Amino acid sequence: MPSETLDQFLQHNLQDLKDQGLYNEIDPVDGANGPEITINGQKLINLSSNNYLGLATDDRLKEVAKDAVNSHGVGAGAVRTINGTLDLHVKLEEKIAEFKGTEAAIAYQSGFNCNMAAISAVMDKNDAILSDALNHASIIDGCRLSKAKIIPFEHSNMDDLRQKAKEATESGQYNKVMVITDGVFSMDGDIAKLPEIVEIAEEFDLITYVDDAHGSGVLGKGAGTVKHFGLQDKIDFQMGTLSKAIGVVGGYVAGKQELIDWLKVRSRPFLFSTSLSPADVTASRKAIDLLMESTDLYDQMWENGNYLKAGLKELGFDIGQSETPITPCIIGDEKTTQQFSKRLNEEGVYAKAIVFPTVPRGTGRVRNMPTAAHTKDMLDKAIKIYEKVGKELGVI
Ligand SMILES: *Cc1c(COP(=O)(O)O)cnc(C)c1O
């Protein structure tokens, strides 16, 4: 007999979300996730992916992925420590370390998994973690899993961080103290103040952990936020994802050899979950090769990002304080934001509404993710549609 308690729980809570307008209908994309997508038979300009460099559909990645399937099959066959470490995994990790400027690297099945794995492999209940208030959900969950004391600091507020670092270290209550931050914050596109974070970390002997999911491929000529600031020797954990700019799937930590050695024996998703598939690791390695060889895609992404930003700003939209191609269009009220996104969609632009609880109440926004794969023509069309919908709803 199925559980009646569960049925009641689900019915009640689903209805509740729907009543509040917070239930998210998921749209299946017909075909590949490119700069244009088809949903329910309608072709749309796609401004919602994290596929910054357009690599998710790049022919060069597809070719090597097919070759890897032919030579190594579709699955790794085991967890890494049993016999799921293929030569391909080792090659990818060597490439990541080279790209990031570190001694070594370890790959995981996703960025989310990586934060579950790496934080709790090092931090425990006798430790404390200073965590930026706007850190990603996977950082929050990774910190919780470690059982360390979580001490949030105000978003990018270095006075607050310094004060809390001082209190935590002077209290003598903790064996180790870590500071953890996103490199680029995905809802606003602002960059973490890493030089100041490093200074505070040095002053109070903090372990430093940067989640660069939105910085890798996007800053530092592709190598990320840490490289952008030239701090490769100062950050202990350079965590990143292979799922966004790299265009495939997976996550990694780059750092000192001993850190990576430790993660290989102590991080649970590495020990108890099957490794990335041959196609994934090979395509990811190819993507990094391309980024190391040329900045063409990187330059194109920045050009497109700046073009879209200038266009929307000129129309009078509030595009916030982004320092990266992430382009929020801040509408404010949740209902209007949802309506705005729906109307964009009907007119041919796919840009999702992001509202509470993902962002604070009253700061609802439509977030645009321009990529290297968009053409000027697509961006011009998108800007025209924004103008039409903006005027119609009285936003501009
Ligand atoms: C997307 C994201 C992740 C998760 O990465 P996946 O590879 O998609 O699991 C982790 N951290 C941040 C900051 C992210 O934006």
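The values are calculated or read from the model by the stated rules, or taken from the named source; none is laboratory data. Since the structure is predicted, the reported quantities are computational estimates derived from the model, not experimental observations. As a convention, Cβ positions derive from the backbone with ideal geometry for all residues, glycine included, and neighbour counts pool all protein chains shown. With ligands, DNA and RNA removed, areas are computed over all heavy atoms of the protein, side chains included. Shrake-Rupley method; radii C 1.70, N 1.55, O 1.52, S 1.80 Å.
Taking region 1-74 on its own, what percent of its Cα-Cα pair distances exceed 17 Å? So the pairs more than 17 Å apart make up 68 percent of the total in region 1-74.
Considering all alpha-carbon pairs of region 143-241, what whole percent are spaced by more than 20 angstrom? Taking all Cα-Cα pairs of region 143-241, the fraction more than 20 Å apart is 36 percent.
Model label sites at Lys376 and Asn13, defined 7 Å from Cα along the beta-carbon direction, differ in position by 5.1 nm. DSSP beta bridges confined to region 59-293 are antiparallel in about 40 percent of cases.
As a calculated quantity, the FRET efficiency between Lys66 and Thr274 at R0 = 22 Å, using C-beta atoms, amounts to about 0.55. With all protein chains in place and a 1.4 Å probe, the accessible surface of region 149-245 carries 43 percent carbon and sulfur. To the nearest µm²/s, what D does Stokes-Einstein give for region 219-378 at 10 °C and 1.306 mPa s, using the Kirkwood radius over alpha carbon pairs as Rh? Approximately 86 µm²/s, per Stokes-Einstein. Remark: the Asp318-Glu103 segment gains 73.1 nm on full extension, using 0.36 nm per residue and subtracting the alpha carbon distance. Leaving out same-chain residues fewer than 8 places away, which aspartates and glutamates sit with a Cα under 13 Å from that of Lys352? Filter leaves Glu25, Asp27, Glu334. In region 264-313, a dipole from Cβ-located charges (positive for Lys and Arg, negative for Asp and Glu) runs towards its positive end, and of Leu297, Thr282, Gly311 it is Thr282 whose Cα lies farthest in that direction.
The simple spin-label model puts a point 7 Å past each Cα toward its Cβ; for Gln20 and Leu6 those points are separated by 2.4 nm. Volume of the convex hull of region 59-293 (Cα atoms only), normalised per residue: 105 Å³.
Summing +1 for each Lys or Arg and -1 for each Asp or Glu among the other residues whose beta-carbon sits under 13 angstrom from that of Val198 gives -4.
Among the trypsin sites (Lys or Arg not before Pro) within region 289-396, those in coil by DSSP and having at most 13 neighbouring Cβ atoms inside 10 Å are Arg361.
Where both bridge residues fall in the chain, DSSP classifies roughly 55% of the beta bridges as antiparallel. Principal semi-axes of the equivalent ellipsoid, √(5λ) from the alpha carbon gyration tensor of region 149-202, are 22, 11, 10 Å from largest down. Between Asn126 and Lys176, the modelled labels are 1.2 nm apart [label points 7 Å from Cα along Cα→Cβ].
Sorted on the mean count of surrounding Cβ atoms within 10 Å across their residues, most packed first, peptides 132-143, 30-41 read 132-143, 30-41. Each Lys or Arg adds one and each Asp or Glu takes one away; over the other residues whose Cβ falls under 14 Å from the Cβ of Leu145, this sums to +3. Simple point charges give the picture: +1 on the Cβ of Lys and Arg, -1 on the Cβ of Asp and Glu, and for the chain a dipole about the Cα centre of about 440 debye. Sorted into 10 angstrom bins from 0, the C-alpha pair distances of the chain split as 5, 21, 29, 27, 15, 3, 0 percent. Loop-located GluC sites (Glu not before Pro) in region 287-332 (DSSP state not H, G, I, E or B) with no more than 16 neighbouring Cβ atoms inside 10 Å: Glu323. In plain terms, the chain from Asn33 to Asp333 could stretch by 105.1 nm, reckoned as 0.36 nm per residue minus the Cα-Cα distance.
With R₀ fixed at 22 Å, the C-beta to C-beta distance from Val265 to Ala78 puts the FRET efficiency at about 0.85.
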